[in-house]
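Heads up, the thing below is written out as structure tokens.
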Amino acid sequence: MMSGHSTYQPQSAFMKWMERRLPIAGLVYSSFVSYPTPRNLNYWWTFGGILMFLLGAQLVTGIILVMHYTPHADMAFNSVEHIMRDVNYGWLLRYLHSNGASMFFVAVYIHMARGMYYGSYKEPREVLWILGVILYLLMMATGFLGYTLPWGQMSFWGATVITNFFSAIPLVGESVVTWLWGGYSIGNPTLQRFFSLHYLLPFVIVGVVVLHVWALHMVGQNNPTGVEPQSEKDTVAFTPYATIKDGFMMVCFCLVYAWFVFYVPNYLGHADNYIPANPSVTPTHIVPEWYYLPFYAILRAIPNKLLGVIALFGSIGILAFLPWLDTSRVRSAKYRPLFRQFFWIFILVTVGLGWLGSKPAEGGYVLASRILTFYYFAHFIIILPVLGWVEKTRPLPNSISEAILNEGLPLGASGPAPTATKN
Amino acid sequence: MARSVLALVLAGSLLGLVAAAPQPSFAAGEHETPAPPRQKWSFSGPFGKFDRAQLQRGLKVYREVCAVCHGLKYVAFRNLADLGYSEAQVKAIAAEYKIKDGPNDQGEMFERPGRPADYFPTPWANENAARVQYNGVPPDMSVLAKARGYERGFPWFIFDMFTQFQEHGVDYIHALMVGYKEKPPAGFTLPQGASYNEYFPGHAIAMPPPLSDKRVDYTDGSPATTDQYAKDVSAFMMWAAEPHMEARKRIGFQVMIFLLVFAGLLYFATKKVWADAH
């Protein structure tokens, strides 16, 4: 879609001079102004922009928090309380940052679910999708590292549980864990390296986001019909159409974000993390942040530690193979009546796993976790490949314009049907 | 149609299996821990504000009862201005405390009267000393109201997001203060030196009943009851844990109004822009 040459025409003498040397204005123009987007995109397509905004917000609040935070096992908890009490608007910065992480995951889960529903991972968007899976993994790592920094009880014991994953590696597991910890137990060296990595990874995320957007602009956006735009009638310019729509949704999303920050800032956290880390007292239930819960349930569903860890990483890694596991040639669930139902079952199963992850690993919870874990993998390994072969899909529209004309606008898409009838 | 039925049957049987899975037992012995009763707090809800008189009473309870064992190390005397005290009153309260300072020119540590910039001193020198003295380490009270809580369970935890219920900690602390029983129920063996508390996880708590009626003199006519002391000190602890709560909620309301108006403008702008698309 982005053929590489810009339609940007520099006006002023300076911009003409600049464009011949560093065509950055042309790049911005072709990427964010004249870039054609399918005209039938609904509001589920605005979460990429929201994620960009959240990444920026996390960077800004994080960088300011670091000016007041002390990454030391003896001082980290105190310095967070210092931020909460004595730094001007420190409480706001910290709550923005801690709730921002949760909002980041809310947005990314919607973004991923949208991609899965409309088949946005299919040819030619495989690399775009895989870059997304990498971003998701980086986010999970960054979120986990960040949660250890206040050095409360959940920070400490969460770090203990997660780093112990690596002790499951045969032969070298224990050595790897010692190496990760920087000692024979979790302590100050662990906190300091986690802090260093928590500062580093967001910039890695920024880099991969650039690749993600680059890949997106190479292949163009998918759309609710899953049919590629065929003519100019099927698209509108990114600015003003997409920018204003993304802006509107971003502000709506900020309303939710602000609700958590200002009214229930500790709702998504855990009370135990306001108790300073204590290596000699284990909390009754060590529960990870909500966004890891489905994977935590998968880990605990498997009785063997090594296999559990493999299942945990496999449950995320399998997403990267989605473009090839889904054998259907039709992209959008809109034209896949059976897939659409399995999609929602999959969402329910994942939410169910999340709930089970928050429960103690005992009795019926374990059995339920095992069944849902089996289903989670079966969705990718059995259901998706088989569906592609047996499902009778509905006829696809010839073009986006035709789909809009026949079916009306999809949920959330604004604007009237184009005057495409008279051709 | 047949296919969708197939999908539903498949899913249904799966979910049925989950539902039929034996329910785990929650009973940790016969002595259940009841959920703390909900209290009315002036600071709950989107416009909640601390009751200054209550905070001052809570401070009095802290200073006369709790401070014997519990520290309040993140609260400075200067912070007490938030409770409605004048500068002179804050200075006077601070001066009642002995603060360890130094080293001086001779290289010696010394004690001096507290100043507003000082923090509440912890009543024990170190954790080991506390263990010897109190049969355990009394937790610092600065953030305790946020560090305690109880499981709300499904579906209540979902409603809490919308009703803004987040007073789990203070409800629990209040319940704990009034939840002592003189004798444990039959069949419960209480460890040496522990007390029985209905709301404490495991019920055997090292802290003896701290409050009793008429233990603290109230000068503002509030009832001198255990229940009232418990409420006041819990409210005080909420303030200590979240001193900027009022500012947070006030700014939050302004932010919400701004975002709502902004979203409304963008909604109509979006409609206008898209109306021009051909």
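State to the nearest 20 debye the size of the charge dipole of segment A:169-304 about its Cα centre, where the only charges are +1 on K and R beta carbons and -1 on D and E beta carbons.
Values: 4 positive and 7 negative charges, 38 e Å.
Using only the charged Cβ atoms, the result is roughly 180 debye.
Placing +1 on the Cβ of each Lys and Arg and -1 on the Cβ of each Asp and Glu in segment B:168-241, which of B:Pro201, B:Ala186, B:Ile173 has its Cα farthest towards the positive end of the resulting dipole?
B:Ala186
Provide a whole-number value for the mean count of partner chain Cβ atoms within 10 Å of the Cβ atoms in peptide B:239-251.
The shielding value for this peptide is 3.
What value, in deg cm²/dmol to 500, does the helix sum -39500 (n - 2.57) over DSSP H runs of n ≥ 4 give at 222 nm once divided by the residues of chain A?
Theoretical 222 nm ellipticity from helices: -19000 deg cm²/dmol.
If I build a Gaussian network model for chain B, linking alpha-carbon pairs within less than 10 angstrom, which residue out of B:Leu260, B:Leu59, B:Leu83 has the largest mean-square fluctuation?
Among B:Leu260, B:Leu59, B:Leu83, the largest mean-square fluctuation in the Gaussian network model of chain B belongs to B:Leu260.
Let me know the charge dipole size of the protein assembly as shown about its Cα centre in debye, to the nearest 20, where only the beta-carbon of Lys, Arg (+1) and Asp, Glu (-1) is charged.
1680 debye
With bins 5 Å wide starting at 0, give me the P(r) of segment A:96-211 over every alpha carbon pair, in whole percents.
The calculated distribution, bin by bin, is 2, 10, 17, 19, 17, 13, 11, 7, 3, 0.
Any number yet on Rg/Rh for the protein assembly as shown, C-alpha, Kirkwood?
1.01
Can you give me the P(r) profile for segment A:30-286? Cα pairs, bins 5 angstrom wide beginning at 0, each as a whole percent.
1, 6, 11, 15, 16, 14, 11, 9, 7, 5, 3, 1, 0, 0
Which of the three applies to segment B:88-221, rounded, prolate or oblate, going by the alpha-carbon gyration tensor with a ≥ b ≥ c and a/c under 1.5 meaning rounded?
It is prolate, given that a/c is not under 1.5 and a/b is the larger ratio.
Give the angle, between 0 and 90 degrees and rounded to the nearest 10, that separates the Cα long axis of helix A:337-357 from the longest principal axis of the Cα atoms of chain A.
Between the helix axis and the principal axis of chain A, the angle is about 20 degrees.
How many partner chain Cβ atoms sit within 10 Å of a residue's Cβ in peptide A:258-271, on average, as a whole number?
The shielding value for this peptide is 6.
With the dipole of segment A:30-286 worked out from charges on the C-beta (+1 for Lys and Arg, -1 for Asp and Glu) around the Cα centre, which of A:Ser155, A:Thr142, A:Phe194 lies farthest toward the positive end?
Final value for the positive-end residue is A:Thr142.
Tell me the trypsin sites (Lys or Arg not before Pro) within segment B:73-146 that lie in a loop according to DSSP and have at most 16 other beta-carbon atoms within 10 Å.
B:Lys73
So how strong a dipole does segment A:30-286 carry about its Cα centre when Lys and Arg Cβ are +1 and Asp and Glu Cβ are -1, to the nearest 20 debye?
Value, rounded to 20: 280 debye.
Ignoring ligands, DNA and RNA, what accessible area per residue does chain A give at 1.4 Å, in Å²?
44 Å²
Tell me which of A:Gly308, A:Phe346, A:Val330 sits at the most positive position along the dipole axis of segment A:289-397, charges placed on C-beta atoms (Lys, Arg +1; Asp, Glu -1).
A:Val330
Cα convex hull of segment B:200-278: mean projected area in nm², to one decimal?
Working: hull surface 42.9 nm².
Here the figure is 10.7 nm², rounded to one decimal.
So, how do all the Cα-to-Cα distances of chain B break down into 10 Å bins, in percent, from 0 on up?
For chain B, the binned pair fractions read 5, 20, 25, 19, 14, 9, 5, 2, 0, 0 percent.
Need one number for segment A:289-397: average projected area of the convex hull over its C-alpha atoms, nm².
7.3 nm²
Can you send over the carbon and sulfur percentage of the accessible area for chain A, probe radius 1.4 Å, protein chains only?
The computed percentage sits at 70.
The values are calculated or read from the model by the stated rules, or taken from the named source; none is laboratory data. As the structure is a prediction and not an experimental result, all values here were calculated from the model. With ideal geometry, Cβ positions are generated from the backbone for all residues, glycine too; neighbour counts draw on all protein chains shown. Keep in mind that these areas ignore ligands, DNA and RNA; they rest on the heavy atoms of the full protein, side chains included. Shrake-Rupley method; radii C 1.70, N 1.55, O 1.52, S 1.80 Å.
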